[in-house]
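See below for the structure under consideration.
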Amino acid sequence: MSSSGGRALPERPDLEVYPSLDGDWPAHGLGPVATIAAQLPDPAELKPGALVIVRHAGRPARGFRRFARGVRNLWRKPLAAHEAVRCTALLARGYRDIAAATDPRTGERIVWGIAPTSGRFALTP
């Protein structure tokens, strides 16, 4: 896969993170980086070179909850973390080769980073 920006979307991540966003998260998506960073695993605990994708919001609902969320979103913009916040959170935790691209299937901006090959560069929030 590739995006319009020329970046290739990762095929098989080692881990996908669906951040949990509470009702205080701003509608424009530029919330506190620390909220996302706290939900990311320490890169030193992952295998060197592990690929971590950070999605824009929590896991998609299923069944009746999916229907209810769709109806609610008619009146309210769904909560989502802006890609700049997600990229900065990856950087703050010590990931490298951070990138973003648009998923052509869903239109979602996908953000990812690579765990460093040594744990000495990992930072804690």
Search segment 109-125 for residues being among the β-branched types (Val, Ile, Thr) and crowded, with 18+ Cβ neighbours inside 10 Å, and hand back the single one that is modelled with the lowest pLDDT.
110
Per the filter on segment 95-116, residues of a type in the set (Ser, Thr, Tyr) and either within 16 Å of residue 12 (Cβ to Cβ) or touching a residue at least 40 places away in the same chain (Cβ under 8 Å) (or both) are 95, 102
Can you tell me how many residues in segment 78-91 are crowded, with 17+ Cβ neighbours inside 10 Å and either among the hydrophobic types (A, V, I, L, M, F, W, C) or touching a residue at least 60 places away in the same chain (Cβ under 8 Å) (or both)?
8
Please go through segment 18-38 and give me each residue that is of a type outside the set (A, V, I, L, M, F, W, C) and surrounded by 18 or more Cβ atoms within 10 Å (Cβ to Cβ), ordered by number.
19, 29, 31, 35
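The values are calculated or read from the model by the stated rules, or taken from the named source; none is laboratory data. Being a predicted model, the structure only gives us computed values, none of them experimental. Here Cβ is always computed from backbone atoms with ideal geometry, including for glycine, and neighbour counts include all displayed protein chains.
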